[in-house]
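Note sheet for the following structure.
Please treat every number below as a calculation from the coordinates, not as lab data. Values in this document were obtained by computation on a predicted structure and should not be read as measured data. Don't worry about glycine lacking a Cβ; one is built from the backbone with ideal geometry, like all the others, and counts go over all protein chains shown.
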Amino acid sequence: WGQEGHSIIAELAERRLDQDTLRKVKTLLGGVSMASVASWADDYRASHPESGGWHFVDIPFDQTAYDPMRDCKPEKGDCVIHAIARFRADVTDCSKSLTERGDALKFLIHFIGDVHQPLHAETRFAADGTDDQGGNKVIVTFFDQPNMKLHALWDTGLIMHTVYNWGAYVTRLQTGWLNGRDVSSLDGGTPIDWAVESHRYVALAYDIPANGVISQAYYDKALPVVDRQLAVAAIRLVRLLNETLHNAD
Ligand code: DCM
Ligand code: DCM
Ligand code: DCM
Ligand code: ZN
Ligand code: ZN
């Protein structure tokens, strides 16, 4: 996701955390909001290119299961599945400094978001063995915007076309997808389950007209998936933080 998506997930999560967990989160973050640090991992990446692979997992388009040897290779710079496991351990590791644990929390907030972006759980291989880097090499036209990467359509385009200010998207989800919904069956699972579930939406994401022009019909199909994935990411982030920080001091 782009900044907006990450802020939406973090803000929704912050509003749903246990009070005790929220207090610990605020200590780790030095008092600032979760939304304000939700894209820090992207800034970090600019000066630490070796962290680029932490943001996604390359389950091939035509596969349905995760294979760590195939999809999370160390030579590709690791993957989001391993990154979540590592930072989950780091956030309560008392041999680490408060700064290090705070950074681990910022990474967790970001990567639990990314694993829910369908194109961060996928890459599509061509016959020659090259891949499209999670839709980064597929170019579409989105209403008045030509030359948009399919990946960027899902990171930011669909969100920004719907509401310009991300805070309004938080309201949209609270009054829409999340309103009155029993989420107790949705917050379980492992990061692998979340990636495999994200991957189920990639056929829909690649169902683009031959001329590359995104239609209203595509938008109408895609937006409920964006809503669902943003909301579910927040719910799972809440569960993970409540559980991880529960017994920590
Ligand atoms: N813990 C934590 N934050 C701290 C201190 C401890 O998250 N400031 C966690 C780390 C361990 C557990 O609490 O999971 C017990 O830590 P210890 O063995 O240091 O008491
Ligand atoms: N990305 C991805 N899957 C890949 C490669 C990249 O999801 N196989 C993501 C990481 C960034 C975005 O796409 O969020 C742009 O990547 P880059 O800056 O490496 O082109
Ligand atoms: N914004 C919003 N809702 C919030 C916070 C900010 O809609 N709760 C908007 C205000 C800015 C934009 O998002 O137009 C970028 O804010 P930031 O730089 O804080 O992400
Ligand atoms: Zn992305
Ligand atoms: Zn990212």
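Odds and ends about this structure:
- Using the Cα coordinates of the chain, the gyration tensor eigenvalues translate into equivalent-ellipsoid semi-axes of 29, 22, 16 Å, sorted from longest to shortest.
- Only Cα pairs under 8 Å and 6+ residues apart enter the sum, and on that basis the relative contact order of the chain stands at 28 percent.
- The GNM of the chain, with springs linking C-alpha atoms under 10 angstrom apart, assigns the highest mean-square fluctuation among 50, 11, 122 to 50.
- Counted by neighbouring Cβ atoms within 10 Å, the residues 128, 18, 227 run from fewest to most as 128, 18, 227.
- Choice from 17, 119, 204 with maximal GNM fluctuation in the chain (Cα, 10 Å cutoff): 204
- For the chain, the number of Lys pairs with C-alpha atoms closer than 25 Å, counting only pairs eight or more positions apart or on separate chains, is 14.
- Dipole magnitude of the chain about its Cα centre (Cβ charges: Lys, Arg +1; Asp, Glu -1), debye to nearest 20: 480
- Within the shell defined by Cβ-Cβ distances under 10 Å, the residues around residue 34 carry a net charge of +1, with Lys and Arg each +1 and Asp and Glu each -1.
- Summed side-chain charge close to residue 68 - residues other than residue 68 whose Cβ falls under 15 Å, Lys, Arg +1, Asp, Glu -1: -2
- Region 1-58 and region 96-112: distance between their alpha carbon centers, rounded to Å: 8
- For region 104-170, dividing the convex hull volume of the Cα atoms by the residue count gives 103 Å³ per residue.
- Translational D in µm²/s for region 1-93 (Stokes-Einstein at 37 °C, 0.692 mPa s, Kirkwood Rh from C-alpha pairs): 219
- Sorted by Cβ density within 10 Å, fewest first, the residues 36, 184, 51: 184, 36, 51
- Listing 142, 107 from fewest to most neighbouring C-beta atoms within 10 Å gives 142, 107.
- Overall form of region 116-209 per C-alpha gyration tensor (a/c, 1.5; a/b vs b/c): oblate
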